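Q: Structure in structure tokens, see below.
No value in this document is a laboratory result; all are computed from the given coordinates. All values derive from a computational prediction rather than experimental measurement. Here the Cβ positions follow ideal geometry from the backbone for every residue, glycine too, while neighbour counts run over all protein chains shown.
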Amino acid sequence: MNLAEKLKKFTSSWVQATNESFTNHPTANFLRNDLKEEIAAIVKDFDNNYLIKASVGAGNWANIPWLAILNPKITTAIQDGIYPVYLFSTDGLGFYLSLNQGTTTPKEELGKVKADIRAELIKKYILEKFPELKDWGEQRIDLNANTPLGKSYETANIVAKYYSLDIELDSESLKQDLRKLLFYYRKIETLDIEVELQKFTMNKPEERTKPLQKKQKSLPDDVTPLSKPFLLLAGISGTGKTRFVREQAKATGSLSDTYCLTSVRPDWHEPSDILGYISRLGGDGNAEYIITDVLQFIAKSWRAIIDAGLKLSVSDSNGLDTRLTVTGDKAQLDGVLPYWLCLDEMNLAPVEQYFADYLSVLETRVWQWDAEQFDYCCDPLLKSATIKQLADTNKLRSDLGFIDSKYDREWELFCEHGLSLPFNLIVAGTVNMDETTHGFSRKVIDRALSFDFGEFFPNDFEHFFEPKVTYNILSYPLYSQATIDDLPTIDSTGNRSISFLQSINSVLDNTPFQLAFRALNELLLAVISTQPTDDRQLQAVWDDFLMHKVLPRIEGDHDKLTIHNSTTNNDSLFDELSLVLARELADIWHEPKDSPNARPDLYREKLVAEEDDKVLRITCRSGAKLAWMKGRLERSGFTSFWP
């Protein structure tokens, strides 16, 4: 069949199809496959980067089926932006080729009234720029729609051409019409519509407090990427641990969108407590997935990745590895915000038990970079085998927020391969250590960045009303495996950091605290993420690594923490570590706070004028912590890292 025959077949069969079962209906498959491929062949000849999307509904028949062509430089979803689209009328008598615009996202951000004004202004602006479009088609269309979404295509139409089935369709004319509209669509790419909307707002005094241009959210230029997306914030109650996570979320996004607070319950013991479970307690006995706010937030993080235009596909290494893979370029990551999940009072329940699935999947993350291009993949948290047990996957789809037709393809991939860990999700657990809480095994500590909150972000009573320092803005990691190509010049081969870790291991040898390959990789990742440029900055990275990954592992009584070094005659692990670190961190070990030679704080900076030096100088953290842990051991006969 040619293009005309395929368009006629789908249009004429639409009304009958909507009176039949939706699942696997041949008419639905015809649009998604045959007709979509026919249009794609034409579009790809024009521009191979354009996207083709089609929908007849998600779970149920749509009021208006559509087949859209999207320029990624303008939009990647029909909920926003401008795009050519085939719209099929509900009566099955014809269809339109329309230059249309998405209204769903503008309505969510601006409200219906302002979104409608915005759409009309965009239409007017484009027709003024390209007046020949007025002769190409008509500005008003009638789809006989009877739902708000269906009617929105009518009001958002910029210009369209109608094809009635009463008149014989000609494939060459159809192709010519499409190519002409694509020609103008490419020209629209050069227009700065948001600037024009801003001009309109400023020229209308009554509209100045009601801007019509959308707020574009992106990552700030000065974010600090973390080396791991899992943080343990330990400290006494009231130091501001939860508030810290909230402020981080606000700095890059909003509390309503990119922040989720979950209070851990003491009776949590299974991964299902945090990720949900299958229930068959419904009246029909069918399997239903009971979701949690955590799983919903994970799904929300995924939607942010998809909405940013990143491609989701399936990796396949000779058929052995079929994990979902996110593909994109570094510039696109500016539009992917961090999503902060705060697990409040995380150790009220045993973390090793209820968080076991996350801890395992966390270690399967793989980032691969090729210049500015990247691939990211990870094992699933919610496995496909679990999803396939459900009697109605559409309910789970709706519960997780993927019901919009723009997620059709991605939802199919999730059902087939599972829902994995999104790279923009940062988990921060707040931790208090007292008689009501549980300790951490090395399995947890090895997979987290541990922060003694009072050491990294101390409460400064003297400057309560006028703070003198501010937190750095943190973001998600961009690497999972250290490579020589990514290392900074100051340690271009990694040998300096390797030698540092070997010196630490020489003290920890034959103890339960000895470090392995994971620790080395994470030390090198910390160096890569921070990109130090001189010796003091490099030693500051090492110092923080000791606080994050080494000292939290050390705990015990005198017997457990006694060693014997015949060379130094030290029998204390803390004394021996101090001796080694005084040598390895020679440039910062003895420097007092605020000394120009003291180490820089990698997580905070001074609140000063833009032209002034913002670097905050602090004492060596690990030196003070070692002395504190040793003093605690001498006083009570037992010590640990945790305050």
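Q: What is the fewest-to-most order of 641, 545 by other Cβ atoms lying within 10 Å of their Cβ?
A: Numbers: 641 21, 545 25.
So the ranking, lowest neighbour count to highest, is 641, 545.
Q: Per DSSP H run of n ≥ 4, the term is -39500 (n - 2.57); total these for the chain, divide by its residue number, and report the mean residue ellipticity at 222 nm rounded to 500 deg cm²/dmol.
A: Working: 24 runs with 237 residues, N = 643.
Result for the chain, helices only: -11000 deg cm²/dmol.
Q: Taking 0.36 nm per residue of sequence separation and subtracting the Cα-Cα distance, how much length would be gained by fully extending the chain between residue 13 and residue 560, in nm to one decimal?
A: Working: separation 547, 0.36 × 547 = 196.92 nm, distance 7.80 nm.
Computed gain between residue 13 and residue 560 is 189.1 nm.
Q: Excluding residues on the same chain fewer than 8 positions from residue 630, give the lysines whose Cα lies under 25 Å from its Cα.
A: Qualifying lysines at Cα under 25 Å: 443, 549, 560, 593.
Q: Report, to the nearest 10°, how far helix 495-508 tilts away from the longest principal axis of the Cα atoms in the chain, using its own Cα long axis and a range of 0 to 90°.
A: Tilt relative to the chain: about 50 degrees.
Q: Residue 194 to residue 470: extension gain in nm, 0.36 nm per residue of separation minus the Cα-Cα distance?
A: The residue 194-residue 470 span can extend by a further 96.1 nm.
Q: Okay, moving on. Run the quick spin-label model on residue 607 and residue 389: label points 7 Å from Cα toward the beta carbon, then report their separation in nm to one decimal.
A: That separation, rounded to one decimal, is 5.2 nm.
Q: Each residue of segment 32-40 in order: what ³J(HN,Hα) in whole Hz does its phi give by Karplus 6.51 cos²θ - 1.76 cosθ + 1.60, θ = phi - 60°, with x for Gly and Pro?
A: 5, 10, 4, 5, 4, 5, 5, 5, 4
Q: Just to be sure I understand the curve: with the Debye formula and one point per C-alpha of segment 231-454, what is log10 I(q)/I(0) at q = 0.10, 0.12 Å⁻¹?
A: Here log10 of I(q) over I(0) equals -0.48, -0.70.
Q: For each pair in 151/187; 241/330; 228/330, compute the distance between the two Cα atoms and list the pairs where it is over 21 Å. It would help to have the intermediate numbers written out before the result.
A: Details: 151/187 27 Å; 241/330 31 Å; 228/330 19 Å.
Long pairs (Cα-Cα over 21 Å): 151/187; 241/330.
Q: Also, I was wondering about something else. Any idea what Rg and Dmax come out to for segment 526-643 if you just take the C-alpha atoms, in Å?
A: My reading of the Cα-based Rg and Dmax gives 16.1, 54 Å.
Q: Tell me the label only: which of [x] 197; [y] 157; [z] 167 is volume of the Cα convex hull per residue in Å³ as calculated from this structure?
A: Label of the calculated value: [x].
Q: List every residue whose amide H lies under 5 Å from the amide H of residue 420, counting only residues 5 or more places away in sequence or on a different chain, with H placed 1.01 Å from N in the peptide plane.
A: It is 381, by chain and number.
Q: So for 265, 397, 365, 583, fewest C-beta neighbours within 10 Å to most, what's the order? Each step should come with its number before you reach the end.
A: Values: 265 13, 397 22, 365 19, 583 9.
In order of increasing Cβ crowding within 10 Å: 583, 265, 365, 397.
Q: Sticking with this one: Counting only residues 5 or more places away or on other chains, whose amide H sits under 5 Å from the amide H of residue 66 once H atoms are built in the peptide plane?
A: 55
Q: Does anyone have the angle between helix 621-636 and the longest principal axis of the chain? Alpha-carbon axes, 0 to 90°, nearest 10?
A: Value to nearest ten degrees: 60.
Q: Measure nothing fancy, just the Cα-based angle from helix 3-17's long axis to the longest principal axis of the chain, in degrees from 0 to 90, nearest 10.
A: 80
Q: I've got another one for you. What is the fewest-to-most order of 66, 136 by other Cβ atoms lying within 10 Å of their Cβ? Could the numbers behind the result be given before it?
A: Working: 66 24, 136 16.
Ordered from fewest to most neighbouring Cβ atoms within 10 Å, 66, 136 come out as 136, 66.
Q: Among bridges DSSP assigns within segment 231-454, what percent are antiparallel (round to 5)?
A: Values: 19 of 37 bridges.
So the antiparallel bridges amount to about 50 percent of the total.
Q: Applying the Karplus parametrisation 6.51 cos²θ - 1.76 cosθ + 1.60 with θ = phi - 60° to the phi angles of segment 454-459, what ³J(HN,Hα) value in whole Hz is obtained for each residue in order, glycine and proline being reported as x?
A: Listing the rounded values in order: x, 7, 7, 9, x, 6 Hz.
Q: Using θ = phi - 60° and the Karplus curve 6.51 cos²θ - 1.76 cosθ + 1.60, what whole-Hz ³J(HN,Hα) does each residue of segment 525-542 get, with Gly and Pro shown as x?
A: Karplus values, whole Hz, x for Gly and Pro: 5, 5, 5, 5, 5, 7, 6, x, 10, 9, 4, 5, 5, 5, 5, 5, 4, 4.
Q: Ok, one more. Say a paramagnetic label sat at a point 7 Å from the Cα of residue 292, along Cα to Cβ; which residues of segment 321-361 have their backbone N under 14 Å from it?
A: The answer is 341-360, whose backbone nitrogens lie closer than 14 Å to the label point.
Q: Now a separate question. Compute the relative contact order of the chain as a whole-number percentage, counting only Cα pairs closer than 8 Å that sit 6 or more residues apart in sequence.
A: Working: 1052 pairs, mean separation 74.3, N = 643.
Relative contact order of the chain: 12 percent.
Q: Moving on. With 31 Å as the limit, write out which pairs from 107/614; 124/180; 124/406; 9/300; 36/73 have Cα-Cα distances beyond it, or answer none. Before the final figure, lay out the partial values.
A: Numbers: 107/614 41 Å; 124/180 20 Å; 124/406 27 Å; 9/300 38 Å; 36/73 21 Å.
Table pairs above 31 Å Cα-Cα are 107/614; 9/300.
Q: Which value, in nm² and rounded to one decimal, describes the direction-averaged projected area of the C-alpha convex hull of segment 380-524?
A: Working: hull surface 64.9 nm².
Seen from a random direction, the Cα hull of segment 380-524 projects 16.2 nm² on average.
Q: Right, here's the next one. Could you give the length gained by full extension between residue 344 and residue 638, i.e. 0.36 nm per residue of separation minus their alpha carbon distance, to one decimal place? Let's see the in-between values first.
A: Values: separation 294, 0.36 × 294 = 105.84 nm, distance 2.72 nm.
Additional length available on full extension: 103.1 nm.
Q: Can you work out the FRET efficiency for the pair residue 514 and residue 375, with r the C-beta to C-beta distance and R0 = 41 Å, to the nearest 0.05? The partial results should precede the final answer.
A: Numbers: r = 33 Å, r/R0 = 0.81.
So the FRET efficiency works out to roughly 0.75.
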